[in-house]
Amino acid sequence: GDSVTQMEGPVTLSEEAFLTINCTYTATGYPSLFWYVQYPGEGLQLLLKATKADDKGSNKGFEATYRKETTSFHLEKGSVQVSDSAVYFCALQGGSEKLVFGKGTKLTVNP
Amino acid sequence: DAGITQSPRHKVTETGTPVTLRCHQTENHRYMYWYRQDPGHGLRLIHYSYGVKDTDKGEVSDGYSVSRSKTEDFLLTLESATSSQTSVYFCAISESGRGTGKRGETQYFGPGTRLLVL
């Protein structure tokens with residue numbers, strides 16, 4: 001079945017550091033790919049998404065490119081801020097309406 | 001923000017008691033979902049609904065039932081709560097889902113219900 005593997009955390013960075021959170025997937029067909037973010041004490045919210053190969057999703061300085069050849073959707077940000085501290089989830093949507101989530105990566109950014 | 005509320009937000013109950021969690025939406029979205037979030041597991045789908053009285057099982061449905069009698073409400077019931085059901089429960093909604101030709105449909109999440117079963 002469909003699955004998502006993302007790098008285990010926690011990840012701790014200093015403010016203005018470069019961020020990469022790796023995400024790879026296994027799916028049949030051509031899934032849509034997502035990054036969701038969960039701030040402390042809140043529900044998940046969509047950060048960005050891509051629906052076909054080579055698409056780049058971007059939002060709030062975060063980017064991820066849908067790489068079909070490597071089945072990856074790595075999340076990047078050039079300069080993180082303290083306010084980016086959160087848990088980040090990679091997810092895919094295959095042939096149905098269901099989302100399959102990775103286990104989440106907790107990011108802490110220190111001033 | 002999508003209009004999704006969950007109630008209660010926090011609940012402590014004892015093993016063997018029934019528990020019902022409510023999700024209410026004001027967006028008139030067709031699809032509604034219940035997930036549980038546990039450390040080391042991410043989010044796992046319990047049940048979902050694709051319309052009034054239309055529901056289906058997710059990945060971890062054992063011990064849970066759902067009902068949807070109105071578009072805006074989706075109830076999750078633990079018939080006899082167990083300690084393994086201690087978790088944070090999230091409701092989500094999406095506009096259209098499968099069969100509409102829309103790829104990458106966004107799901108919008110509620111604030112969560114923290115359930116402790118003693």
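Where a number appears in this text, it was derived from the coordinates with a stated rule and is not lab data. This one's a predicted model, so the numbers in the text were calculated from it and none came from an experiment. Methodologically, a virtual Cβ is constructed for each residue, glycine included, from the backbone with ideal geometry; neighbour enumeration extends over all protein chains shown.
What to note about this one:
- 10 Å Cβ neighbours from other chains, averaged over peptide A:44-56: 3
- The stretch B:36-71: trypsin sites (Lys or Arg not before Pro) in DSSP loop, at most 16 other beta carbons within 10 Å: B:LYS53
- Point-charge dipole on Cβ atoms (K/R +1, D/E -1) for the stretch B:1-88, about Cα centre, debye to 20: 100
- Restricting the chymotrypsin sites (Phe, Trp or Tyr not before Pro) of the stretch A:1-108 to loop positions (DSSP other than H, G, I, E, B) with no more than 16 neighbouring Cβ atoms within 10 Å leaves A:PHE18.
- Per DSSP, loop GluC sites (Glu not before Pro) in the stretch A:1-99 with at most 12 further Cβ within 10 Å: A:GLU16, A:GLU69
- Filter on A:LYS49/A:LYS106; A:LYS60/A:LYS98; B:LYS11/B:LYS53; A:LYS60/B:LYS70; A:LYS49/B:LYS57; A:LYS68/A:LYS106 - keep pairs with C-alpha separation over 31 Å: A:LYS60/B:LYS70
- For the stretch A:25-104: rounded, prolate or oblate by the Cα gyration tensor [a/c cutoff 1.5]: oblate
- For the protein assembly as shown, pairs of C-alpha atoms spaced more than 31 angstrom apart make up 21 percent of the total.
- Under a model in which nothing but the beta-carbon of Lys, Arg (+1) and Asp, Glu (-1) is charged, the protein assembly as shown shows a dipole of about 320 debye around its Cα centre.
- Normalised per residue, the volume of the convex hull around the Cα set of the stretch A:1-58 (Å³): 122
- Dipole of chain A, positive end: most advanced residue of A:GLY43, A:VAL82, A:VAL100 [Cβ charges, Cα centre]: A:VAL100
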